[in-house]
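Worksheet for the structure shown next.
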Amino acid sequence: MSNKPPIDENKRFRRLADYLAAKAPPGKLPGRQHIDPLEFTELLPWIMLIDVLPQTPGEPRYRIRLMGTEVVAIQGADETGRFVEDVLTGPEGAEVVRQCDEILRTRQPHHRRGMVATTGREHVFYERIAFPLAGDGEHVDMLILIFAKAEKRVGQGGEKV
């Protein structure tokens, strides 16, 4: 399945993509150790970090390490420290975990459009790109995500409506 992220559709997406490309060692993925948040402070409210936690045996689990203030506003709560599958349950959670697994397998960024429905407020439409990070340059051990509020409504499957 091809998922070419629309990096050029949003200046925040482009800024983070360029930053990570500049920090990556030649032929390798950048790792958390290469990133200095002070070099992209304008993006911090829109950033989420997810730790990849290998399980023996079994598939990795994904724990939210950090949520920027705008991401918290989109999601409706600060879920720092929780596992993705505990925050997003049902089919949506399974799909997000599958997408994280795909990033680990392909070592490529992944784009998602979605909607957050929270009781007591209007639905919030968003898009995000998740980029892989690898402390050793090879094995993905963290994801860095950049969010934006979506300009257009999206369907449950991520399609524009």
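What follows draws every value from the coordinates through simple rules; no lab data is involved. No experiment lies behind these values; they were computed from the predicted model shown. Using ideal geometry, Cβ is built from the backbone for each residue, glycine included, and neighbour counts are taken over all protein chains shown.
Taking the criterion of being in contact (Cβ under 8 Å) with a residue 24 or more places away in the chain, on the phi < 0 side of the Ramachandran plot and assigned to a loop (DSSP other than H, G, I, E, B), the residues of the stretch 44-76 that qualify are Glu59, Pro60, Gly68.
For the stretch 55-82, which positions are among the hydrophobic types (A, V, I, L, M, F, W, C) and farther than 16 Å from Ile103 by Cβ? Those that are among the hydrophobic types (A, V, I, L, M, F, W, C) and farther than 16 Å from Ile103 by Cβ: Leu66, Met67, Val71, Val72, Ala73, Ile74, Ala77.
Entry remark, the stretch 77-121: residues being crowded, with 18+ Cβ neighbours inside 10 Å, in contact (Cβ under 8 Å) with a residue 12 or more places away in the chain and not in a helix (DSSP H, G or I) number 6 in total.
Considering only the stretch 18-35, I want to know if a residue exists there that is under 20 Å from Lys149 (Cα atoms) and either assigned to a loop (DSSP other than H, G, I, E, B) or of a type outside the set (Lys, Arg) (or both). Full working, then the answer.
Kept after step one, since they are under 20 Å from Lys149 (Cα atoms), are these residues of the stretch 18-35: none.
Checked the stretch 18-35: no residue is under 20 Å from Lys149 (Cα atoms) and either assigned to a loop (DSSP other than H, G, I, E, B) or of a type outside the set (Lys, Arg) (or both).
The residues of the stretch 1-14 that are in a helix (DSSP H, G or I) and within 24 Å of Asp78 (Cβ to Cβ), listed by number, are Arg12, Phe13. Quickly run through the stretch 126-142 and pick out the residues that are more than 17 Å from Gly68 (Cα to Cα) and free of Cβ contacts under 8 Å to residues at least 60 places away in the same chain. If the condition is that a residue be more than 17 Å from Gly68 (Cα to Cα) and free of Cβ contacts under 8 Å to residues at least 60 places away in the same chain, then His139 is the only one that fits.
Check whether at least one residue in the stretch 61-76 is surrounded by fewer than 13 Cβ atoms within 10 Å (Cβ to Cβ) and touching a strand residue (DSSP E or B) at 6+ places or on another chain (Cβ under 8 Å), and report yes or no. Working first, answer last.
Kept after step one, since they are surrounded by fewer than 13 Cβ atoms within 10 Å (Cβ to Cβ), are these residues of the stretch 61-76: 69.
This time we only want the ones that are touching a strand residue (DSSP E or B) at 6+ places or on another chain (Cβ under 8 Å), so: none.
Looking for residues that are surrounded by fewer than 13 Cβ atoms within 10 Å (Cβ to Cβ) and touching a strand residue (DSSP E or B) at 6+ places or on another chain (Cβ under 8 Å), one finds none in the stretch 61-76, hence no.
Checking each residue in the stretch 7-33 for being buried (at least 18 other Cβ atoms within 10 Å of the Cβ) and touching a Gly at 6+ places or on another chain (Cβ under 9 Å) picks out Leu29, Pro30, Gly31.
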